[in-house]
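**Q** One structure coming up, written as structure tokens, with questions to follow.
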Amino acid sequence: CWPSCFAALDAQAEKRATKREDDILEDMVEPWLGASSSLANVDLLQVLLGALTNDQRRQLDTDFPNRIDAPDGSTIAVSYSSGNPVASAKLQQFFGTISSPLLGPVDNRVPVSLSLLSPAGKPLAQTNDLHFF
């Protein structure tokens, strides 16, 4: 089970947070405020990661890695800022691949949207389905 702070953050984002959920978030952030001059300077990623157990952190890193392996042996950065995993790579890095990389929990994996680039690094195509590309 994930820490209650994640449910509280969801409730806050959806504008349905209760006093209990507000208290959970305040308790989570408060220790970090002492080392910071303002809330804007608090590294919320570190606050959230600090709320996870070692097992939960390993699971997060397994299900949602910062980098994926390309078929050519290189690694490619993955961004989740749009809500879905996105990676940019040169088209040649995926030659011979018959399916898009999948990320997420085993029971709910999603394809990585690949921004395929020319050898010069210019965008050629965007796909999350290499099989039909």
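**Q** Within segment 109-117, is even one residue assigned to a loop (DSSP other than H, G, I, E, B) and out of contact with any Phe, Trp or Tyr (no Cβ under 7 Å at 6 or more places or on another chain)?
**A** Among the residues of segment 109-117, at least one is assigned to a loop (DSSP other than H, G, I, E, B) and out of contact with any Phe, Trp or Tyr (no Cβ under 7 Å at 6 or more places or on another chain), which makes the answer yes.
**Q** Also, I was wondering about something else. Could you say which residue among Q56, Q92, Q46 is open to solvent by 40 Å² or more (accessible area, probe 1.4 Å), touching a residue at least 12 places away in the same chain (Cβ under 8 Å), within 17 Å of C5 (Cβ to Cβ) and outside any loop (DSSP other than H, G, I, E, B)?
**A** The match here is Q46.
**Q** Go through segment 11-28 and report how many residues are open to solvent by 60 Å² or more (accessible area, probe 1.4 Å) and farther than 19 Å from T53 by Cβ.
**A** Number satisfying all stated conditions: 9.
**Q** Evaluate the following for A120: is it of a type in the set (A, V, I, L, M) and either outside the structural domain of P71 (by the TED database) or not in a loop (DSSP other than H, G, I, E, B) (or both)?
**A** For A120, the condition - of a type in the set (A, V, I, L, M) and either outside the structural domain of P71 (by the TED database) or not in a loop (DSSP other than H, G, I, E, B) (or both) - is not met.
**Q** Another question, then. Restricting attention to segment 1-10, report how many residues are closer than 16 Å to L49 by Cβ and not in a helix (DSSP H, G or I).
**A** 2
**Q** In addition: With the requirement that a residue be under 14 Å from the mean Cα position of the chain (by Cα) and open to solvent by 70 Å² or more (accessible area, probe 1.4 Å), what does segment 59-70 give you?
**A** Residues satisfying the conditions are Q59, D61, T62, F64, N66, R67.
**Q** So in segment 29-43, with the set limited to residues that are outside any helix (DSSP H, G or I) and under 26 Å from G83 (Cβ atoms), which one is most open to solvent (accessible area, probe 1.4 Å)?
**A** D43
**Q** Oh, and also: Can we say S100 is under 30 Å from L130 (Cα atoms) and either in a strand (DSSP E or B) or open to solvent by 80 Å² or more (accessible area, probe 1.4 Å) (or both)?
**A** Answer is no for this residue.
**Q** When you check Q126 against the structure, is it polar (S, T, N, Q) and assigned to a strand (DSSP E or B), yes or no?
**A** Yes; evaluated as a whole, the condition is true for this residue.
**Q** Something else: Evaluate the following for L52: is it aliphatic (A, V, I, L, M) and either touching a helix residue (DSSP H, G or I) at 6+ places or on another chain (Cβ under 7 Å) or more than 29 Å from D10 (Cβ to Cβ) (or both)?
**A** Yes; evaluated as a whole, the condition is true for this residue.
**Q** Let me ask something else about it. Just checking, how many residues over segment 11-28 are assigned to a helix (DSSP H, G or I) and either farther than 23 Å from P105 by Cβ or acidic (D, E) (or both)?
**A** Residues in segment 11-28 being assigned to a helix (DSSP H, G or I) and either farther than 23 Å from P105 by Cβ or acidic (D, E) (or both): 11 in total.
**Q** Restricting to segment 104-126, what's the tally of residues that are farther than 15 Å from Q92 by Cβ and open to solvent by less than 30 Å² (accessible area, probe 1.4 Å)?
**A** Matching residues across segment 104-126 total 3.
The values are calculated or read from the model by the stated rules, or taken from the named source; none is laboratory data. These numbers were taken from a predicted model, which means no experiment stands behind them. All Cβ positions, even for glycine, are placed from backbone atoms using ideal geometry, and neighbour counts span all protein chains on display. For the accessible areas, the whole protein counts, side chains as well, though only heavy atoms, and no ligand, DNA or RNA atoms are used. Shrake-Rupley method; radii C 1.70, N 1.55, O 1.52, S 1.80 Å.
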